[in-house]
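What follows is a single structure, written as structure tokens, with notes after it.
The values are calculated or read from the model by the stated rules, or taken from the named source; none is laboratory data. Keep in mind that what you see is a predicted model, and the values were worked out from it rather than measured. Because the Cβ atoms are built from the backbone with ideal geometry, glycine has one as well, and the counts that use them run over all protein chains shown.
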Protein chains: 2
Amino acid sequence: MNYCSHCGAPVSVKIPEGDERPRHVCERCDTIHYQNPKIVAGVLPTWKDQILFCRRAIEPRKGLWTLPAGFMENNETVAEAACRETYEEAHARLAGVELYTVISLPHISQVYMLYRGELDDGSYSPGIESLETRLFDIDTIPWGELAFKTIEKTLQCFVEDRKSGTFPVHNLTITPAKK
Amino acid sequence: MNYCSHCGAPVSVKIPEGDERPRHVCERCDTIHYQNPKIVAGVLPTWKDQILFCRRAIEPRKGLWTLPAGFMENNETVAEAACRETYEEAHARLAGVELYTVISLPHISQVYMLYRGELDDGSYSPGIESLETRLFDIDTIPWGELAFKTIEKTLQCFVEDRKSGTFPVHNLTITPAKK
């Protein structure tokens with residue numbers, strides 16, 4: 001951020017009075033430009049004993065498998081965002097969704113919120129951001145070709161919870177692997 | 001938003017190619033300025049059979065009772081944000097926290113994420129944004145003087161769940177009351 005989005009003057013970085021963190025501040029119109037984490041909403045879509053995956057048509061991680069998910073927009077609920085992404089990326093509608101994993105990624109200021117949901121009628125096809133959409137059995141999940149750690153973690157929870165048949169919400173944190 | 005925060009040129013509102021929503025777009029440097037919902041993180045702090053409340057020293061809803069909560073910052077986890085807010089507003093530390101309510105407010109593009117947590121040693125005192133901090137028994141919760149619907153809803157869940165002793169995560173939506 002270089003300029004004030006309100007008045008157009010150059011911004012400076014300083015700690016505002018009464019605050020404890022450096023912010024982008026406009027010295028002309030006094031606007032403080034806060035920056036906050038973004039929510040990525042998505043779904044682990046199931047159909048009977050299978051899971052629906054999308055193969056990414058776009059960077060990052062083009063060609064790898066993921067679950068439908070994307071940035072939540074203003075003026076929607078988290079569940080609406082998750083269902084919208086599922087339709088956009090896999091042309092699939094869900095009979096209903098239940099919150100499943102909430103994963104903080106503090107190093108990139110994102111919070112993933114992934115739901116579980118059964119497909120409405122079993123139909124699906126690739127959206128513009130997917131090369132391919134495919135149902136996988138639990139024991140053929142493409143573990144070595146997953147696009148994101150958040151997706152891998154959510155699938156690990158699902159495989160484990162399936163044994164007991166109870167699916168509590170998991171609140172987790174992922175940080176970069178130590179080098 | 002009037003100006004591009006990257007290059008300082010005036011922005012226009014239009015639907016970028018391949019998108020479906022109007023965005024603030026800079027026609028000089030081609031930056032698309034996305035706007036996304038914000039997370040409000042907080043805690044329902046307990047101490048034995050009581051709940052710790054804060055009376056707000058600032059607008060909105062100055063003078064009314066709330067639970068410690070505030071905007072999540074970049075580079076922290078949701079739980080860290082919730083604990084930080086509890087320390088800032090009530091000078092209270094928590095022995096541990098469990099995610100409890102996730103509440104979408106689509107009309108103001110916010111998502112509340114409130115935890116349950118037992119105070120570490122029972123000590124607390126008002127932070128700069130609180131006029132007063134006080135432990136209330138369940139049957140003296142100041143229902144008529146609560147600052148926010150999200151807080152009221154979370155307390156309703158808590159009072160109800162306390163009967164069974166099980167506290168699942170509740171994923172809810174609050175929309176404005178119809179006039």
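For the reader, a short list of remarks on this structure follows.
- Look at (1) closer than 20 Å to B:Pro60 by Cβ; (2) out of contact with any helix residue (DSSP H, G or I) (no Cβ under 7 Å at 6 or more places or on another chain); (3) modelled with pLDDT of 95 or more and you find that B:Met113 fails only one, number (2).
- Residue check for A:Ala82: more than 14 Å from chain B (Cβ to nearest Cβ) and touching a Phe, Trp or Tyr at 6+ places or on another chain (Cβ under 6 Å): no
- Subset of the range B:143-179 that is among the aliphatic types (A, V, I, L, M) and touching a residue at least 24 places away in the same chain (Cβ under 8 Å) - its residue that is nearest to the other protein chains (Cβ to nearest Cβ): B:Val169
- Filtering the range B:1-56 to residues that are of a type in the set (A, V, I, L, M) and buried (at least 16 other Cβ atoms within 10 Å of the Cβ) leaves B:Val11, B:Val25, B:Ile39, B:Val40, B:Ala41, B:Val43, B:Leu44, B:Ile51, B:Leu52.
- The residue that is farthest from B:Met113 (Cα to Cα), counting only those in the range B:59-78 that are within 10 Å of chain A (Cβ to nearest Cβ) and aliphatic (A, V, I, L, M), is B:Met72.
- Scope the range A:15-42; condition within 13 Å of chain B (Cβ to nearest Cβ) and within 30 Å of A:Thr86 (Cβ to Cβ); matching residues: A:Gln35, A:Asn36, A:Pro37, A:Lys38, A:Ile39, A:Val40, A:Ala41
- Taking residues in the range B:120-142 that are farther than 12 Å from B:Phe53 by Cα and assigned by TED's automatic domain parsing to the domain that holds B:Phe53, and partners anywhere that are loosely packed, with under 13 Cβ neighbours inside 10 Å and β-branched (Val, Ile, Thr), the pairs with Cβ atoms closer than 7 Å and at least 6 places apart or on different chains are B:Glu129/B:Ile58.
The rows are residues; the columns are (1) surrounded by fewer than 20 Cβ atoms within 10 Å (Cβ to Cβ); (2) of a type outside the set (Ser, Thr, Tyr); (3) more than 25 Å from B:Phe71 (Cβ to Cβ); (4) out of contact with any Lys or Arg (no Cβ under 6 Å at 6 or more places or on another chain).
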position: A:Ser109; (1), (2), (3), (4): yes, no, no, yes
position: A:Tyr115; (1), (2), (3), (4): no, no, no, yes
position: A:Leu155; (1), (2), (3), (4): no, yes, yes, yes
position: A:Val159; (1), (2), (3), (4): yes, yes, yes, yes
position: A:Lys163; (1), (2), (3), (4): yes, yes, yes, yes
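- Annotation note: of B:Leu131, B:Leu105, B:Leu119, the sole residue that is more than 10 Å from every other protein chain (Cβ to nearest Cβ) and crowded, with 17+ Cβ neighbours inside 10 Å is B:Leu119.
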